[in-house]
Amino acid sequence: MHECFLKDGGKILVVKANNKVTRFHSIWLRDNSRDETTLSPQNQQKLITLNDIPKSLKISSLNLDGNEIELVFQPENKKVSFDVHWLLENNYDYKLVNIKKGWVNDKIVLWDSDMSSTLPSINFDKFIQSDFDLWKWLDKFLKYGFGKIIDGPEKQDTLFEIVKRFGYVRETNYGRKFEVRSIKNPSNLAYTSKGLEAHTDNPYRDPVPSLQILYSIENSATGGESVVVDGFNAALKLKDENLEMFNVLSTYNVSFQFSGEEDLFLKADKPMLELAPNGELKTIRFNNRSTIIKNNIPFDTMELFYDAYRNFGEIMSDKSMQFCFSLQPGECFIVDNTRVLHARNEYMNDGNRWLQGCYSDKDGLLSKYEVLNLKYQNKC
Ligand code: FE2
């Protein structure tokens, strides 16, 4: 059961349900009206600006009929109905004690080396053909920031078929795709190609490509396992161990740069740990090859900054934080490049290796997930 009444001369609507009082401002209610002259029924885009709502706005009357509350706004004399459950779902009547720095959304799952049993993995044909299976995989991908697609064809450009399922390829100066290829070298089979330290890609772009896709076509060389690290988990570990170090990496910008090609100078001044204004950890940028530390950090903080940079790297280099796997031909993995770092172990030149990579962005993937959510979430 619920009851409703007006307060402060119609400036506030109060909803009482289950012994709990929830307040709503008249301006919030008018702005969130869902009638067809306020919100487009076709695309849910707003059809009014704030200037169309009079400053003297108040609610002159309310009528509760079951779960529907009809309000009349003055001076427009406009009637708008709200569903009580919709209002309660969108309750904003709470207090924020203080804004904490460095927290992650409670929908995500932090992980370490021991994630093989929960690894988001899907068969290629299911990924391509089944919306339901894609939805389940996307749900897991968004929790872990990482996922595999297996049993695909050992065929070049298959990665484009994958991206097409949820979004668009992000073309860069490297083209629509990049090749990571080395062939067997019979004259020096003992030669080892060096591993790559855990990193995020392209921190010198703003915005960074938020998804990276790597697809294996050939892999007969010894070694060369792929490694992924949950950067959010590592950042929160750093915060637990030394708050000052977390704060310094999330406060000061460094300069990420790439200028290895003619007519190209990419540069982004950003912190290694980027927080939203509400303190939520949003983006990790970590790539020793493109990090320039010059005068963004003052003298008195520089030593602490280097200690924090080193410690953060050491946390991520710890084997207990790294999930290591071999990417077989026809297998692919996708990382959320704003959260998950990737690395590669060293490998012998005793076989061929051929991977194709490309970038994409999370907006398309999130859109696909929301669309599939509407289709499936109440049907399971
Ligand atoms: Fe990379």
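Every read-out reported here was derived from the displayed coordinates using simple, explicitly stated rules and does not represent laboratory data. Source: prediction; values computed, not measured. With ideal geometry, Cβ positions are generated from the backbone for all residues, glycine too; neighbour counts draw on all protein chains shown.
Quick notes on this structure:
- Using only side-chain charges placed at the Cβ, +1 for Lys and Arg and -1 for Asp and Glu, the dipole size of the range 91-180 relative to its Cα centre rounds to 420 debye.
- Residues whose amide H lies under 5 Å from that of Met272, counting only those 5 or more places away or on a different chain, are Val254; hydrogens are built 1.01 Å from N in the peptide plane.
- Against the main long axis of the alpha-carbon atoms of the chain, helix 131-144 sits at an angle near 80°.
- Distant-in-sequence amide H partners of Asn349 (H built 1.01 Å from N, under 5 Å): Tyr191, Ser193
- Subtracting the Cα-Cα distance of Lys79 and Lys46 from 0.36 nm times their residue separation leaves 10.1 nm of extension gain.
- Taking only the C-alpha atoms of the chain, the Rg (one decimal) and the largest Cα-Cα distance, Dmax (whole number), read 25.8, 88 Å.
- Of every Cα-Cα pair in the range 228-380, the percent that sits beyond 24 Å: 49
- Charges were assigned to the Cβ only: +1 to each Lys and Arg, -1 to each Asp and Glu. The resulting dipole of the chain about its Cα centre is roughly 640 debye.
- The Cα center of the range 215-251 and the Cα center of the range 347-377 differ in position by 19 Å.
- For the range 51-64, 3J(HN,Hα) per residue [Karplus equation, 6.51 cos²θ - 1.76 cosθ + 1.60, θ = phi - 60°, Hz, x = Gly/Pro]: 5, 7, 9, x, 5, 7, 3, 7, 9, 8, 7, 9, 9, 9
- Ellipsoid semi-axes for the range 80-132, based on the Cα gyration tensor and the rule √(5λ), read 36, 25, 8 Å when sorted largest first.
- Share antiparallel - DSSP beta bridges, the range 64-175, percent rounded to 5: 75
- Derived scalar couplings ³J(HN,Hα) [the range 232-241; Karplus, 6.51 cos²θ - 1.76 cosθ + 1.60; whole Hz; x for Gly, Pro]: 5, 4, 5, 5, 6, 5, 4, 5, 5, 6
- 3J(HN,Hα) along the range 221-231, derived from phi through the Karplus expression 6.51 cos²θ - 1.76 cosθ + 1.60 where θ = phi - 60°, amounts to 7, 7, x, x, 4, 8, 10, 10, 9, 7, x Hz, with x in place of Gly and Pro.
- Separation of the Asn296 and Ile99 label points, Cα + 7 Å toward Cβ, nm: 2.0
- Lysine pair number, Cα distance threshold 25 Å (strictly under), the range 142-198, separation 8 or more or different chains: 10
- Other-chain or far-sequence residues with amide H under 5 Å of Leu327's (modelled H): Ser226
- Length-normalised contact order of the chain in % [C-alpha pairs under 8 Å, at least 6 apart]: 24
- Calculated mean residue ellipticity, 222 nm, the chain: -7500 deg cm²/dmol, from DSSP H runs (n ≥ 4) at -39500 (n - 2.57) each, averaged per residue and rounded to 500.
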